[in-house]
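One structure is given below, encoded as structure tokens.
The values are calculated or read from the model by the stated rules, or taken from the named source; none is laboratory data. Not measured: the values here are computed from a predicted model. Cβ sites come from the backbone with ideal geometry, for glycine too, and all protein chains shown count toward neighbours. Heads up: the accessible areas ignore ligands, DNA and RNA and are worked out on the full protein's heavy atoms, side chains in. Shrake-Rupley method; radii C 1.70, N 1.55, O 1.52, S 1.80 Å.
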Amino acid sequence: MPDNSSYLVVPSAALWLFVLVIVGISCVALAVVLSRARRARNMKLARLEAGSVRSPLPEFEKNGQSAAAALVQWSPETLRHILAKELPDAQVIVVSNREPYIHNRNGDGIQLVVPASGLVSALEPITRACAGTWIAYGGGSADALVVDENDRVEVPPENPSYTLRRVWLSEEEQQGYYLGFANEGLWPLCHIAFTRPIFRASDWEAYEAVNRKFADTVVAEARNERPIVLVQDYHFALLPRMIRERLPEAIIITFWHIPWPNSEVFSICPWREKILEGLLGSSIVGFHTQFHCNNFIDSVDRFLESRIEREDSAISYGGQISLVHAYPISIEWEPARQAQLPDVAQCRRHIREKFGLADDVRLCVGVERLDYTKGILDRFTALDELLRLHPEWIGKVAFLQIAAPSRGTLPAYQQLHEECLRQAEDLNRRYGRDGYTPVLMVTEHHSQEQVYEIYRAADVCLVTSLHDGMNLVAKEFVAARNDEQGVLLLSMFAGASKELLEALIVNPYDATMMGDALLQALTMSSEEQRQRMQRMREVVRDNNVYRWAGSMLLDAARLRKRVAVDRAVGAAPTSSGNVISLLDRRRVAAL
Ligand code: F6P
């Protein structure tokens, strides 16, 4: 038998050699993988370390609701403290269309008027606390008589604490920019009130020109390259970018006081991209509610090439970052007027005498500008519903509507006025009788003192907006009732309904619900009124206007610190000097 063993040895030696080669290659590969992993880990650690430089900086306050903010008692002193500590040497410039004080000719003298405006009542105490500069359109007939050679006047007149810088507009500018583009275009576009927006190219041109005029004024008033500019409302969508181009280091906080529509509705506006680009010149764009922030972000997503970080509500556009946050606006606490007012019993007596109301008649009130978004006609319907279904209330309830004349040259506002008068007359004819007028409609401007007296005299306050960013009447009514009595009927479509949960929340389009709610309000026990009012007063006290402004200023301070830190660690700031690397930083932190 042949010896085959030698044949067997040769293949097994080759096999061993093969195995050794494979093991060798594997070891080398493993070493390479391990070294790469170590390098990657080291790089990650290095990046995290860079991130940790910023960790002492508190995060941006989300929606004015951070835990820290809730622990603070917000007051003018708190604001001054924030400014002194967090934003030393910062000059605060407020820009709005409506001025806080209007000087009007009155016979041979000059009368001072504080306009009916939620924006003014919120911003006024803030500007006082910051000793800032307020730039606004000088619309009063005697405005030009009281300013100095730089168009400035110190206000409030009785105790000057800030500068009002007036901007003059021609009739045509007012017509195109304010009445036209802002109030016939953007106003109905942003409110769901079923009034068709009107967009005219000539109005758009005036709007652009007036925004530029205000940008020139901001630059002229800025004492240095880095002011904090608080841009207010839909009159100035283009202003933030115009300021950014000329003052790249400025912190620009834009607050949009009205709702923002969904992206499909927004697409109606022929200049939608320009409006979004203008607003994204801001460091922060603020809305009252998260819902409107989301609508704004969706509009940007749909119409601009941008980078959106939804988790942070941040948008990067053209190399600049804008935060889009919700800051629910509010009123000052305690309201300055409160201290000067007589007690509730006296207010009730005085208002009843003034409007000829019998002692046993319950008083429902509505207070606002005469505007089709406020749901005034729907209150008339609710009263009709109540008196029709519960005739025992005829002679026992009256409705006082205070409506400050507003935008009165526009057809939509004239029609509303006529319709209000017609419906009030109709109700009075059907339900009125000798010595009893169910509806009292007063179309006149009332001072804040007069308005607070009415709030204090009322049994029920109706805030039934068809759509409203916040609605400060609701909060003012609550603030005015330190007797913890009175019932608030509040529209589910007003931003305030997200905070004042103890109000009777209604759908103004639902006449049955409105009539029922009115009955519930009129028959509510004093104890239930007290419990609801106590809770609502706590909410308004804790979330007052100083917190609204303070939250935005704190976010501004954090932005400014981040820019400084970015510079210190060598991150390249954008040409705008804003916080370019926020989005990238988030990504690193997530690794
Ligand atoms: O609600 C939007 C708003 O600009 C408020 O901020 C302000 O209270 C109101 O409209 C004032 O309107 P106008 O200045 O047109 O009288």
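Computed quantities for the displayed model
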{"item": "Residue in segment 249-267 that is in a helix (DSSP H, G or I), of a type outside the set (A, V, I, L, M) and within 15 Å of the chain's Cα centre (by Cα) present", "result": "no"}
{"item": "Residue match in segment 176-189 (condition: without any contact (Cβ under 8 Å) to a residue 40 or more places away in the chain and of a type in the set (Ser, Thr, Tyr))", "result": "no"}
{"item": "Residue match in segment 123-146 (condition: more than 16 Å from the ligand (Cβ to nearest atom), β-branched (Val, Ile, Thr) and open to solvent by 20 Å² or more (accessible area, probe 1.4 Å))", "result": "yes"}
{"item": "Filter result for Ala503 (within 24 Å of His191 (Cα to Cα) and crowded, with 17+ Cβ neighbours inside 10 Å)", "result": "yes"}
{"item": "Matching residues, segment 172-229, being among the polar types (S, T, N, Q), under 25 Å from Arg152 (Cβ atoms) and in a loop (DSSP other than H, G, I, E, B)", "result": "Asn224"}
{"item": "Filter result for Asn428 (part of a helix (DSSP H, G or I) and more than 26 Å from Thr289 (Cβ to Cβ))", "result": "yes"}
{"item": "Test set (1) within 16 Å of the ligand (Cβ to nearest atom); (2) without any contact (Cβ under 8 Å) to a residue 40 or more places away in the chain; (3) of a type in the set (Phe, Trp, Tyr) - Phe287 fails condition number", "result": "(2)"}
{"item": "Complete set of residues in segment 230-248 that are assigned to a helix (DSSP H, G or I), open to solvent by 10 Å² or more (accessible area, probe 1.4 Å) and more than 16 Å from the ligand (Cβ to nearest atom)", "result": "Arg241, Met242, Arg244, Glu245, Arg246"}
{"item": "Condition met for Leu488 (among the aliphatic types (A, V, I, L, M), at pLDDT 95 or above and either open to solvent by 10 Å² or more (accessible area, probe 1.4 Å) or under 18 Å from His350 (Cα atoms) (or both))", "result": "no"}
{"item": "Selection within segment 456-476 - more than 16 Å from the ligand (Cβ to nearest atom) and under 20 Å from Leu501 (Cβ atoms)", "result": "Val460, Cys461, Leu462"}
{"item": "Residue satisfying all of: in segment 511-564; open to solvent by 10 Å² or more (accessible area, probe 1.4 Å) and not in a helix (DSSP H, G or I); farthest from Cys461 (Cα to Cα) among these", "result": "Asn543"}
{"item": "Residue list for segment 339-388, restricted to those being within 16 Å of the ligand (Cβ to nearest atom) and open to solvent by 40 Å² or more (accessible area, probe 1.4 Å)", "result": "Arg369"}
